[in-house]
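This report concerns only the one structure given below.
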Amino acid sequence: MERECKKMEKAIVCPGRNSKVKVFPVNIGDVKLKGLLGSRIETNRRTSIPSLYKSFLEYGTVDNFRIASGEKKGSITRRLATDSDLYKWMEAVSCDLQNEYDRERARLLDKLISLISKTQEKSGYIDTFYAESFRKERFKNLYHGHELYCGGHLIQSAIAHHRATGKDSFLDVAVKWADFICRKFGKGRIEENDGHPEVEMALVELYRTTGREKYLELAGFFMSKPYKILDGHAFLEFPGVTGHAVRMIYLCSGATDYCIETGDRKYLGKLLSLWEDMAGRKTYITGGIGSRYSGETFGMPYELPNLRAYAESCAAIASMMWNYRMFLITGEGRFMDLFENTLYNGFLSGVSLDGREYFYVNPLASRGEHRRKKWYDCTCCPPNIQRMLASLPGYFYGVSKEGLWVNLYGESESVARLFSGNKVRMIQKTGYPYDGKVSLEISPERSEEFSIFLRIPRWADNCIVKINGRKFTAEPGQYFVGRHLWESSKENVEIDFGLKPVLYSTHPEIESTKGCAAIKRGPVLYCLESVDNPGVNLFNCRLEKTKLKERFEPDLLGGTHTVSGEILSGQDEHLPLYEKADRYPDPKFSKRRFKAIPYHLWANRGTSRMAVWLGKHI
């Protein structure tokens, strides 16, 4: 399958002319989101992006470049990889310029690019952490140094800026840096890779942008070498996902990009095996990954504690990035199912409703100690969340030689160009994810027969699709394919997912959730917070066998759907810690009503206890 990259140059990723993908992305700027995600993107634009930049000014992130360039006197902030935080923020702004152009933000990017260009040395090297007296340490500690990691984010940010503005100023900096590492690394030179994989993904995208094969080759070289921080395996040697969750899944994302461009079947086989390990044994019901605080790592299979869940926000983003790439190469719905589950749960939980505070970790239970924060000494998550929010429109739709793909649902307007060159305008009307009914108005520029691919989530057991009133039954967990001669006037597709709250059980080997159930309504996971449930013991309760009721509450947390029912709350204050089984007193329970809110909205009303998994009534 071939497609000119130029036609997709403003997409999240731009698979090359001869790439092995089944689906190509639609440009970020060709999709305008409204509804829940649209409001989050608006908050990201109006509040999150400017407030984080103020923090960068306050904590020295920008001054590091001013000092390293000689523009200002002072001492560089000794926070490892802080350059990458600014690059990710600049990528967020660049992506958001496609959503809504802002002249002042574009000018600010130009000023920052000029500053970064001044900081870059003639050789192409750039990393403010290794300026001044630390020059001798360059590439001496790749295990912890993050030099290639920072450079990878530089490349990705520069490509996003180039695609949003058409300018080469930042891309020139990235190319100069990439050329430098091509001279420094490779066979007979430095034969190691970075302790934090990321540059692999960036190098492949730079290859796609420039056509220079040396970048693709260097990405492959890095993956052929052992990753010491990830148990010492080269990529094709990994028996499963392991080690630091973000690093591992960034590497998988880069390997998928490499596979897309080279068609290497060994990589695809390994990627599918690793995905099965992650999705089948090491992923929370929120979509979160990385269960251990120690090293921010994956645990053993089914090691998924709730109170001590790490589930870093960056890891959720890494998972979304990887799942999307796996979808592009396979066209399979399971990857976008996990993307969506992570989006509405483990990702959106990472930022407060007002857009000013962030979670680094996302536990599935809390005794009241977890609060979002405005700033972290390692502030990787806030700008990462911002760039994902800004780029979300680009994940919604895709095109292939067969037709148009609808990957995600939400109130939106979009334009997609088919392989024939025909432009298709689509208006999606829905209250999704809280409303399960979706209406698509499809208006091609000219009449054409093509297929529409509609992702039917695995949870949608009774989904009905109608095309111009003709009814079809859709299988869950797959893409429904509707072949049709689409006229240039508006044609209508209707989907009814049949949303209702249901209980989910858990694998018996997950120790922390034995005998428990969780509540989901469509893609949205629910939790109980103590602020809504006074007198309910969230850590010793049992769900009654009563019907779950749902209700829209317009004045709660910006307007949201809640789920309620009956629960038995344990009165266990005076029970002994341990006792012989035949002497242990029977715990007392009292019947109460409960109210559950979407998990992604928890911790927005002050300190509160929270639980996702609840005991089941036996």
Yes/no for R325 being in contact (Cβ under 8 Å) with a residue 40 or more places away in the chain, basic (K, R) and crowded, with 24+ Cβ neighbours inside 10 Å: yes
Matching residues in region 508-560 - criterion: being exposed (fewer than 15 other Cβ atoms within 10 Å of the Cβ) and among the hydroxyl-bearing types (S, T, Y): T546
For S505: the one exception among (1) closer than 30 Å to G299 by Cβ; (2) touching a Leu at 6+ places or on another chain (Cβ under 8 Å): (2)
Test set (1) touching a residue at least 60 places away in the same chain (Cβ under 8 Å); (2) assigned to a strand (DSSP E or B); (3) farther than 22 Å from V399 by Cβ - V424 fails condition number: (3)
Answer residue from region 453-484, given it is surrounded by fewer than 20 Cβ atoms within 10 Å (Cβ to Cβ) and of a type in the set (K, R) and is nearest to the chain's Cα centre (by Cα) among those: R458
Checking E487 against (1) surrounded by 17 or more Cβ atoms within 10 Å (Cβ to Cβ); (2) at pLDDT below 95, the condition it does not meet: (1)
Residues within region 313-364 that are over 9 Å from the mean Cα position of the chain (by Cα), among the β-branched types (V, I, T) and not in a strand (DSSP E or B), tallied: 3
Of the criteria (1) without any contact (Cβ under 8 Å) to a residue 12 or more places away in the chain; (2) among the hydroxyl-bearing types (S, T, Y); (3) at positive phi, which one S294 fails: (3)
Cβ-Cβ under 6 Å pairs, at least 6 apart or on other chains, region 32-47 side within 17 Å of I427 (Cβ to Cβ), far side among the acidic types (D, E) and at pLDDT 95 or above: K32/E413; K34/E411; G35/E411
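Answer yes or no as to whether N492 is farther than 27 Å from H370 by Cα and not hydroxyl-bearing (S, T, Y). Steps first, please.
Values: farther than 27 Å from H370 by Cα: yes; not hydroxyl-bearing (S, T, Y): yes.
Judged against the criteria, N492 is a match.
Given the criterion more than 21 Å from P305 (Cα to Cα), out of contact with any Leu (no Cβ under 9 Å at 6 or more places or on another chain) and not assigned by TED's automatic domain parsing to the domain that holds G346, identify the matching residue among K588, K595.
Numbers: K595 fails: out of contact with any Leu (no Cβ under 9 Å at 6 or more places or on another chain).
None of the others qualify; the one that does is K588.
To keep it simple, each residue is scored yes or no on (1) among the β-branched types (V, I, T); (2) in contact (Cβ under 8 Å) with a residue 40 or more places away in the chain.
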residue: I456; (1), (2): yes, yes
residue: D461; (1), (2): no, no
residue: V493; (1), (2): yes, yes
residue: L503; (1), (2): no, yes
Odd one out for E529 among (1) of a type in the set (D, E, K, R); (2) in contact with a Pro (Cβ under 9 Å, 6 or more places away or on another chain); (3) under 22 Å from Y344 (Cβ atoms): (2)
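Determine if region 429-439 includes at least one residue that is part of a strand (DSSP E or B), buried (at least 20 other Cβ atoms within 10 Å of the Cβ) and aliphatic (A, V, I, L, M).
Step one: list which residues in region 429-439 are part of a strand (DSSP E or B), which gives 429-430, 437-439.
From the residues that got through so far, the ones that are buried (at least 20 other Cβ atoms within 10 Å of the Cβ) too are 430, 438.
Add one more test, that the residue is aliphatic (A, V, I, L, M), and what stays is 438.
Yes, because at least one residue in region 429-439 is part of a strand (DSSP E or B), buried (at least 20 other Cβ atoms within 10 Å of the Cβ) and aliphatic (A, V, I, L, M).
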Unmet criterion (only one of (1) surrounded by 14 or more Cβ atoms within 10 Å (Cβ to Cβ); (2) on the phi < 0 side of the Ramachandran plot; (3) of a type in the set (F, W, Y)) for Y101: (1)
Flag if S75 is at negative phi, surrounded by fewer than 19 Cβ atoms within 10 Å (Cβ to Cβ) and outside any loop (DSSP other than H, G, I, E, B): no
Subset of region 222-253 that is in contact with a Ser or Thr (Cβ under 7 Å, 6 or more places away or on another chain) and assigned to a helix (DSSP H, G or I) - its residue that is modelled with the lowest pLDDT: L230
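The values are calculated or read from the model by the stated rules, or taken from the named source; none is laboratory data. Values in this document were obtained by computation on a predicted structure and should not be read as measured data. Counting neighbours? That spans all protein chains shown, and the Cβs are built from the backbone with ideal geometry, glycine included.
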